[in-house]
Amino acid sequence: MARATVRAELIPHAPNPAHHQPVFSGPCQWLWRQPAESGAADYHFQEGRSMIMRVCLLTLTLSIGLLLGASKCGSAQTKGGDHTAPEVSYCRMVAQVAKFDHQVVKTEAVYRRGGEIMSLYNPSCPVHADSSWVDYSAALRDNTPPGLMEKMDTMLDANGRVRIIAVLEVDGPKPVAIPPRTPPRLADAMRGTNSKWGHQNQFNSRVILLRIISVEPVPSDTPWPK
């Protein structure tokens, strides 16, 4: 019996232009320009392309994360860095606290800590100059050179005060909301008390320490705040 011979001829496949159109532009867009294949070769090609695409997307995600992290870090360093903060005398700062309200400055003063008091003052200021209540920023330890916080704490534990040069944020009197129909005398009393800071509302201003630059002992004959 004569065998029938069947010959299959390969018909050239006309490429689909849509297969060559990049879905997006960028360093990995060449992956989208490959035409579709068939069979085992197509499976391996698709698997390889999928893996490379995942690597590209992961690299892009990590790059964006690093850029955002660097931006936040730069902002924190700018706020707590002494290279950007204007230098202002403590006496001027407390005398013009409304002018420096919510501003970041560099200043030198005596930091007093003991009992329920944490305050900043400068004995060279006029007698009427106020002390400021002291708070720490969350990033103070990170912004301060290694070992300096420990040195400051040791001096404070031993003597109750230390002379510091610091970058800090200034806060003036707190705004006070007065309810409607409050009698004038009571309203004045509320403004006078509730606008102040610290223990028992003793302080007209507050400083938030952002970065400690230097610490020095305070001579024993240096006056204490009134």
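Restricting attention to the stretch 127-154, the residues that are in a helix (DSSP H, G or I), touching a Leu at 6+ places or on another chain (Cβ under 9 Å) and of a type in the set (D, E, K, R) add up to 0. Scanning the stretch 99-126 for residues that are assigned to a loop (DSSP other than H, G, I, E, B), of a type in the set (S, T, N, Q) and closer than 19 Å to residue 173 by Cβ gives a single hit, 103.
Among the residues making up the stretch 173-216, those that are crowded, with 16+ Cβ neighbours inside 10 Å and part of a loop (DSSP other than H, G, I, E, B) are 173, 196, 198, 204, 205.
Applying the criterion of being of a type in the set (A, V, I, L, M), in contact with a Ser or Thr (Cβ under 8 Å, 6 or more places away or on another chain) and closer than 21 Å to residue 226 by Cα to the residues of the stretch 119-155, the residue that is surrounded by the most Cβ atoms within 10 Å (Cβ to Cβ) is 120.
Taking the conditions (1) of a type in the set (A, V, I, L, M); (2) part of a strand (DSSP E or B); (3) exposed (fewer than 12 other Cβ atoms within 10 Å of the Cβ) in turn, residue 170 satisfies each one other than (3). Only one of the numbered conditions (1) within 29 Å of residue 219 (Cβ to Cβ); (2) of a type in the set (Gly, Ala, Ser); (3) over 30 Å from the mean Cα position of the chain (by Cα) is not met by residue 166, and that is (3). Considering each residue of the stretch 156-167 in turn, at least one proves to be surrounded by 14 or more Cβ atoms within 10 Å (Cβ to Cβ), in a loop (DSSP other than H, G, I, E, B), at positive phi and touching a residue at least 40 places away in the same chain (Cβ under 8 Å).
Every number in this text was worked out from the coordinates using simple rules, so none of it is lab data. Quick caveat, the model's predicted, so the values are computed rather than measured. So basically every Cβ, Gly included, is an ideal-geometry build from the backbone, and we count neighbours across all protein chains shown.
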